[in-house]
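The values are calculated or read from the model by the stated rules, or taken from the named source; none is laboratory data. Note that the coordinates shown come from a computational prediction; the quantities given were computed from them, not determined experimentally. Heads up, the Cβs are rebuilt from the backbone with ideal geometry, glycines too, and the neighbour counts pull from every protein chain shown.
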There are 2 protein chains.
Amino acid sequence: MNYLKFKKSVSNYAKDFFNEDFFENRKNIRIKKESTVAKNLEKIFDATLKISNKKGFQAMTMRDLSREAGLSMGALYSYFSSKEDLLKMLQSQRRSVTKRILEEYINHETGIADKLRTAIRIHLYLSEAMQPWFYFSYMETKNISGPEQAKAIESELYTEKIFENILKDGEKSGVFLHRNHQLTASVTKAMLQDWYLKRWKYAKRNVSVEQYAKYLISIIETFCLSSEHENGRKKSRREL
Amino acid sequence: MNYLKFKKSVSNYAKDFFNEDFFENRKNIRIKKESTVAKNLEKIFDATLKISNKKGFQAMTMRDLSREAGLSMGALYSYFSSKEDLLKMLQSQRRSVTKRILEEYINHETGIADKLRTAIRIHLYLSEAMQPWFYFSYMETKNISGPEQAKAIESELYTEKIFENILKDGEKSGVFLHRNHQLTASVTKAMLQDWYLKRWKYAKRNVSVEQYAKYLISIIETFCLSSEHENGRKKSRREL
DNA sequence: AAGAAAAACGAACGCTTGCTCGTTTTTTCT
DNA sequence: AGAAAAAACGAGCAAGCGTTCGTTTTTCTT
């Protein structure tokens, strides 16, 4: 699995706006035709991410959004009932897509070591394919109302738990060493997040997603993989 | 050097508001007595950080700030000429203190391996002692006007370069292995930043600064330290 | 203690914001 | 093609914003 293959297989997922999470918000939308909703919501979401990632969601005015999305003020409010509601819709849509894809790829793997590699790689690929949203979500959700903040924290801990459980299972079956798995999972997430938070830096240095994935896997495996399983790894340490 | 000792030795630095960087902004302050400036600027800065870290700098109103700092609207504007100016002052003051302390501690070390450990440890201690500002700086400076954003990026790359240079020197003298030092420096920073960005998480789990420092050092050294220098390390890998 | 200088005060101003709603344009259906 | 339904429009409203400034309170000086 490389990034190009991943991106192609994913573009299908991204289209299905109308998942269960979404229908909760459907009542706030005054537009009847689903295809119109899908087309314009995509415009609105993209514009929101573009503007917010430049100046912040708070600082984005509805007039900014109207201009960027190519819809009048009145039209915008046919798709959501308030600025805060727009944020909630955007978050729930993207979050559900992300979660589904990540789980699908990880569950597909059987070996523990492969599960870890795939979890790292797919998380990275996902954040690359949806970089504007990942960045947005990290930077903005903290400043938002109570229940929305709780969902963001829950989502953070959820992915961390995935890594922690893989490491735990790996230790049980002798693949990984005894470590503080919670801390390892935590810093792994931190390194994954750096990719989309400092996208400009890695772009300027011509570091590709593949390189970064390989590199993260080698750091974590050097630290966690037990030596019996390290064959063919010891060599690659010198290669980097 | 542990955190308690560090914090005591640092509290002196924090007091000197009136460094060279600061005097550029002195002309914007209508208040005559230095001691009054120092006292109230501290109140204002602290209040700014407290409110901004809850709802964002943009969303903080001058009325919020007035209430939290215990100064009237009119009084506030005796200490800065605009909301943006307040941000600039806060950033330049904290940035200069941070930089000075970090350099002092690192230059004090002579051995390369010690330099790396100290760089990690002191960066962590600094961000712990000034957590509200580090968090603020990371989350807010990106959304701010051109020149201020440039300074933030410069500061980010500056600390990264410190790590990169230590690793490079270490490879030359055979202490560290051949690695992509720029990438290693980059992810090291990412892990350091996670400490102050997710302070709530580590607090809830009762992870101390000391533990986190030890842990980070062990990850990086496992990855970078050449085996000849790894004596007494191999064992500690099993301990964690 | 009294007068002057310094600091703090907060109502008021002009502007921008999120949002609404009466109207116009586009699409759909027969 | 024409009428009805759906969607898009954008000027206008109240609320809230950053900032100012004439006045009052506190501090310093003699």
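A compact table of results
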quantity: Restricting the stretch A:54-74 to residues that are without any contact (Cβ under 8 Å) to a residue 24 or more places away in the chain and farther than 21 Å from A:Thr141 by Cα, the residue that is farthest from DNA strand D (Cβ to nearest atom); calculated: A:Glu68
quantity: Matching residues, the stretch B:7-66, being touching a Leu at 6+ places or on another chain (Cβ under 9 Å), at pLDDT below 90 and of a type in the set (A, V, I, L, M); calculated: B:Val10
quantity: Verdict on A:Ile106 being at pLDDT below 95, more than 16 Å from DNA strand C (Cβ to nearest atom) and under 17 Å from A:Pro132 (Cβ atoms); calculated: no
quantity: Matching entry among A:Leu71, A:Leu76 (being modelled with pLDDT of 95 or more and more than 10 Å from DNA strand C (Cβ to nearest atom)); calculated: A:Leu71
quantity: Residue match in the stretch B:21-29 (condition: away from every other protein chain (no Cβ under 14 Å) and within 21 Å of the chain's Cα centre (by Cα)); calculated: yes
quantity: Among residues of the stretch A:132-155, those that are within 20 Å of B:Phe136 (Cα to Cα) and in contact (Cβ under 8 Å) with a residue 12 or more places away in the chain, counted; calculated: 12
quantity: Given (1) within 16 Å of DNA strand C (Cβ to nearest atom); (2) of a type in the set (D, E, K, R); (3) more than 14 Å from chain B (Cβ to nearest Cβ), number of the condition A:Asp64 does not satisfy; calculated: (3)
quantity: Selection within the stretch B:22-42 - buried (at least 17 other Cβ atoms within 10 Å of the Cβ) and either touching a Gly at 6+ places or on another chain (Cβ under 9 Å) or assigned to a helix (DSSP H, G or I) (or both); calculated: B:Phe22, B:Val37, B:Asn40, B:Leu41
quantity: Scope the stretch B:47-72; condition loosely packed, with under 15 Cβ neighbours inside 10 Å and part of a helix (DSSP H, G or I); matching residues; calculated: B:Lys54, B:Met62, B:Arg63, B:Arg67
quantity: Any hit, the stretch B:76-88, residues being of a type in the set (Lys, Arg), within 13 Å of DNA strand D (Cβ to nearest atom) and away from chain A (no Cβ under 14 Å); calculated: yes
quantity: Yes/no for A:Ala113 being more than 30 Å from B:Ser145 (Cβ to Cβ), in contact with a strand residue (DSSP E or B) (Cβ under 8 Å, 6 or more places away or on another chain) and assigned to a helix (DSSP H, G or I); calculated: yes
quantity: Helices (runs of 4 or more DSSP H) (entirely within the stretch A:142-218) containing at least 1 residues that are more than 9 Å from chain B (Cβ to nearest Cβ) and surrounded by fewer than 16 Cβ atoms within 10 Å (Cβ to Cβ); calculated: A:146-172, A:199-204
quantity: For B:Ser96: the one exception among (1) within 16 Å of DNA strand D (Cβ to nearest atom); (2) at pLDDT below 90; (3) more than 14 Å from every other protein chain (Cβ to nearest Cβ); calculated: (1)
quantity: The stretch A:23-53 - residue that is touching a residue at least 40 places away in the same chain (Cβ under 8 Å) and among the β-branched types (Val, Ile, Thr) and, of those, nearest to B:Tyr138 (Cα to Cα); calculated: A:Thr48
